[in-house]
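The values are calculated or read from the model by the stated rules, or taken from the named source; none is laboratory data. Just so it is clear, the model here is predicted, and its values are computed rather than measured. Cβ: placed from backbone, ideal geometry, glycine included. Neighbour counts: every protein chain shown. Remember, those area values only see protein heavy atoms, side chains included, never the ligands or the DNA or RNA. Shrake-Rupley method; radii C 1.70, N 1.55, O 1.52, S 1.80 Å.
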Amino acid sequence: MSEVREIVTRAVVAKGKKIFRVNELVCPSNEAYSILGCWVINHEFEATLNKNNKVDLNGQFEIDVWYAYDDNTATDIARATPAYAGTIKVRDLICNNLVSDHCDVTARIIQQPTCTNAKITEQGIEVDVVFEVIVEVIGETKMVVTVFEPCDNFDACDDFENEINEDFLNEGV
């Protein structure tokens, strides 16, 4: 005889992924002659579930641009810390099975923020940054499972050691 039971558990109930593209103007202290390198570091972010069942991602990172000035005779580093905000659509994995309204959101960076382009303009140095984020919404849900009663004649493997023939290699000799 089997029974059906409901188990309340926490599970991933929705997932989403998005590529972010940020364009930032970095203003150097000297007029840039050429760009020698660009790095994106110190990325910090926070993800929250909004009322429309989408995930809001807010964060910031630091852009460091190494540039030459004064006819390529001197170098310096220009810095900017842009903030960004975006919304990530999530796809429901478990539909209408939420037990409570309390959900947690986890966000992971799949592709770290990377400078894809940096160019000198009249206003300063224009930097393009790209990164990719995956989010998961974790909430309580119900699982329906079938429970079978154990058979009375089921024996654990007590006699397993007695069934092993340790001399099987010597039998053919």
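Table for the structure above
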| quantity | calculated |
| --- | --- |
| Strands (runs of 3 or more DSSP E) completely within segment 61-149 that count 3 or more residues being open to solvent by less than 80 Å² (accessible area, probe 1.4 Å), touching a residue at least 40 places away in the same chain (Cβ under 8 Å) and farther than 13 Å from C38 by Cβ | 83-89, 98-120, 125-148 |
| Given (1) free of Cβ contacts under 8 Å to residues at least 60 places away in the same chain; (2) in a strand (DSSP E or B); (3) more than 15 Å from D104 (Cα to Cα), index of the condition R21 fails | (1) |
| Those residues of segment 34-60 which are open to solvent by 40 Å² or more (accessible area, probe 1.4 Å) and more than 30 Å from E136 (Cβ to Cβ), in sequence order | I35, L36 |
| Residue within segment 24-44 that is among the charged types (D, E, K, R), in contact (Cβ under 8 Å) with a residue 24 or more places away in the chain and farther than 30 Å from H102 by Cα present | yes |
| Among (1) on the phi < 0 side of the Ramachandran plot; (2) at pLDDT 95 or above; (3) in a strand (DSSP E or B) - the single one N42 does not satisfy | (1) |
